[in-house]
Structures are given as structure tokens and as C-alpha cells.
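*Asks:* Just dropping this structure here.
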Amino acid sequence: MATIGTFTAADDGYTGLVKTLTLNVKAKFVATEKENDKAPDYRIFAGATEFGAAWKKTARETEREYLSVKLDDPSFPAPIYAS
């Protein structure tokens, strides 16, 4: 599986890079105040532009925590899903 991002924990979320064949941007995951159970835990920004969201998940078998990510932008042919 390809790695499209590398991130480091920060005080209010995560910071790092998203790199694909057509995308190379600095990105920031900013923690949100969840309005309901389905709302994302983080909003993802490149500069001032929001282009995704992330949800905290727990693996069933290992109980390891991870983020389920959806990146979307009008320039993408389809959303990008990652974890």
C-alpha cells in the first residue's frame, strides 16, 4: 500500500505533508468540537483551504487507534480515502 502522507502530532492536531503524483502540499489536521457522533474529529487544511476530514477509529482485532481520512477537492476526480 502506498504512503501518501507523513504527519507529526502537534498541540491542536497534526501537521505534515500529503504527496501523490499530482499533489504535494503541507497539511494540518485541526481538532474539532464534534456536533454529533458522525461528525469528524479533525478538519484537514492546506493553508486556509479545507480539503478533508478525519475520524478517530479503533481496530476491532488489535484495539489500536487510527485515523480514517477522506480528502476531497474539486480538482480531484474522486475523493481519496486513507487510514
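*Asks:* Around residue 68, with a cut-off of 9 angstrom between Cβ atoms, what is the net charge of the other residues, counting Lys and Arg +1 and Asp and Glu -1? Please report the intermediate quantities before stating the final value.
*Replies:* Details: positive: 56, 57, 70; negative: none.
Value of the local net charge: +3.
*Asks:* Please compute the net charge surrounding residue 48, taking Lys and Arg as +1 and Asp and Glu as -1 over other residues with Cβ under 13 Å from its Cβ.
*Replies:* Numbers: positive: 26, 28, 43; negative: 50.
Here the charged neighbours net out to +2.
*Asks:* Considering only the other residues whose Cβ falls under 11 Å of the Cβ of residue 25, what net charge follows from Lys and Arg at +1 and Asp and Glu at -1?
*Replies:* Details: positive: 19, 26, 28; negative: 73.
That works out to +2.
Read-outs throughout are calculated quantities, based only on the coordinates presented, and are distinct from any laboratory measurement. Computed from a predicted model, the values in this text were never measured in an experiment. Heads up, the Cβs are rebuilt from the backbone with ideal geometry, glycines too, and the neighbour counts pull from every protein chain shown.
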